[in-house]
DNA sequence: CTGCATGCATGCGTTTTTGCATGTATTGCA
DNA sequence: TGCAATACATGCAAAAACGCATGCATGCAG
């Protein structure tokens, strides 16, 4: 029975941040997981590593020792990564990504930024499309899709679950909060061309103000105060001026997947992109669900 | 999405041994687990780490790179362990272990040897008893027990599952193999004072030669050729001169536990002993089951 | 050439790990 | 003093990791 290297890394992270939550954020897991790993490390080593204080985890001396040595291990890891990077030819050539426009504008920009920073020799092409491109014809190398299944012939990875909810601008939100009986104007997506079904009973007066086939336009309409729009929560939450209104409780919505060729899936370029992508998704999962 | 440190360690181990099975043995897990960790590492890094040959896993150059850096990390880990050892006062004082005699003689000797080597300042007392000592009265600090539950008031850890089977010396085994109708003489434990129930139909002639209340004596009887004895498989397999005979198919038998005071359970001394113990159990699990 | 041993791939059921929901304590601020 | 925010503990359900059984390929000894 030996101590796990990942548990040493966890101890180091808690020493660094002083809190479970901080370490959890750094490592991209839930803080309860951190707590359990610490407990496991303590049991394995037979040492008391942290004092549990209301304001955080206070490291004992052995914990500081572990952190110092884990830091050395971390440096070895970083050296390794540099070596591996330089060993192969630097990643270069083209890479074509396709994703729904609103996902790109409201969520993926940091991914694109980090990726182009990390791999400056890759020529990244971004195709902002709501229609599904044919990856088998190389219309794109990798795609982000909102659907319930990854597709049969392609390789895929489920990145995020998400919900929809109702959003409006601050004025309307205030009006609704103060008078639940006020008339609620809806801007509906033509694909779901009727009022959402489980409308909260607390808001009896609803009418359809307009239909629209483009979600970007609907977001603008909501900002301009034309009414309430049902949209994926990540859009409403990351659009300035919009706040959630309780008219429609959060609803399930198809997941977000990353898919690609089975052939190219394991290639260094696609793997590199996925790593950046998955990290960002893990760190922001709460943005997408109720 | 970052590479797991434990996966780096796994890659290093496979590079060292050249086979999944070798690495699995070193790390104390099943070889399929090793295969999955390697695959995961390859997917995470986007690199082909090993050529799968029929005679083993042949490392590629990036795998050798990983192994070299993981070796550095391993040295840091060893430094850490030395530091932690020396930081606290060296473990000393008394430690009393109790265990069934046959488990001690046939399986635990390497544990005792390794532990006393590692912690020369601890005075280890071994009480070889088949009766259950009262740990709450400090008759012993830690106990190995063969039972179906760890006990209520004590802390416990299930170490091993095990089976019983029928064993005899080579002469008798040969006779049975050549003539299934030969008379089979049983030496029975007084606690289960009748012929085992699911006797194989292929061996119709059985009789009871003697009863005995002590398993050590029964083992000697089997060695001397007095007949067939049902015993835990680890005993039969680790006794020179005994071989398994198919008269009685392997039967379930209570698990092996290590138990101790809840208060002392987390203490450095007991933890140190458990670590040595668990390592030895993991490496020899196959000795105990059919 | 056959039998046997070693090593690996794959599908299935179980165990372990992880995440989530709820509840408590403390701090800071109104 | 009361309310919101932060940090943690704990019980439960979902997800991931793991071990095992089976089957195939190769190498070696008889």
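Label-point spacing for residue A:224 across the identical copies (point 7 Å from Cα in the Cβ direction), in nm and ascending order: 10.4. From the label point of residue A:21, set 7 Å along Cα to the beta carbon, how far off in nm is each other copy's matching point, shortest first? Label point to label point, same position, other copies: 5.2 nm.
Taking a ≥ b ≥ c as the square roots of the Cα gyration tensor eigenvalues, the stretch B:56-213 comes out oblate, since a/c reaches at least 1.5 and a/b does not exceed b/c. Got a sec? Which residues in the stretch A:264-290 would a label at residue A:33 touch, if it sits 7 Å along Cα→Cβ and we count backbone N under 15 Å? Residues A:278-286 qualify, since their backbone N sits under 15 Å from the label point. Helix A:268-283 versus the longest principal axis of chain A: what angle, 0 to 90°, nearest 10, using Cα atoms? Its long axis makes an angle of about 70 degrees. Rounded to the nearest 500, the helix-only mean residue ellipticity at 222 nm of the protein assembly as shown stands at -12500 deg cm²/dmol, with each DSSP H run of n ≥ 4 adding -39,500 (n - 2.57).
If you rank A:7, A:171, B:131 by fewest surrounding Cβ atoms within 10 Å, what's the result?
B:131, A:171, A:7
Note on the stretch B:156-188 and the stretch A:205-273: Cα centroid distance 69 Å, given to the nearest whole angstrom. Taking chain B as a Gaussian network, Cα atoms linked when under 10 Å apart, which of B:180, B:89, B:101 shows the biggest mean-square fluctuation? Of B:180, B:89, B:101, the Gaussian network model singles out B:89 as fluctuating most. With neighbour counts taken as other beta-carbon atoms within 10 Å, the residues A:184, B:66 rank, fewest first, as A:184, B:66. Axis angle, to the nearest 10 degrees, between helix A:5-17 and the longest C-alpha principal axis of chain A: 70 degrees. For the stretch B:93-290, DSSP calls about 55 percent of its internal beta bridges antiparallel. By the count of other C-beta atoms within 10 Å, a proxy for reagent exposure, B:77, A:139, A:55 are ordered fewest to most as A:55, A:139, B:77. Centroid-to-centroid, using Cα positions, the stretch A:3-66 and the stretch B:54-81 are 26 Å apart. Angle of helix B:31-45 to the longest C-alpha principal axis of chain B, folded into 0 to 90 degrees and rounded to 10: 10°.
With its label point defined 7 Å out from Cα along the Cα-to-Cβ axis, residue A:183 lies at 10.7 nm from the matching points of the other copies, in increasing order.
Throughout, read-outs are computed from the coordinates displayed, never taken from laboratory work. Keep in mind that what you see is a predicted model, and the values were worked out from it rather than measured. Methodologically, a virtual Cβ is constructed for each residue, glycine included, from the backbone with ideal geometry; neighbour enumeration extends over all protein chains shown.
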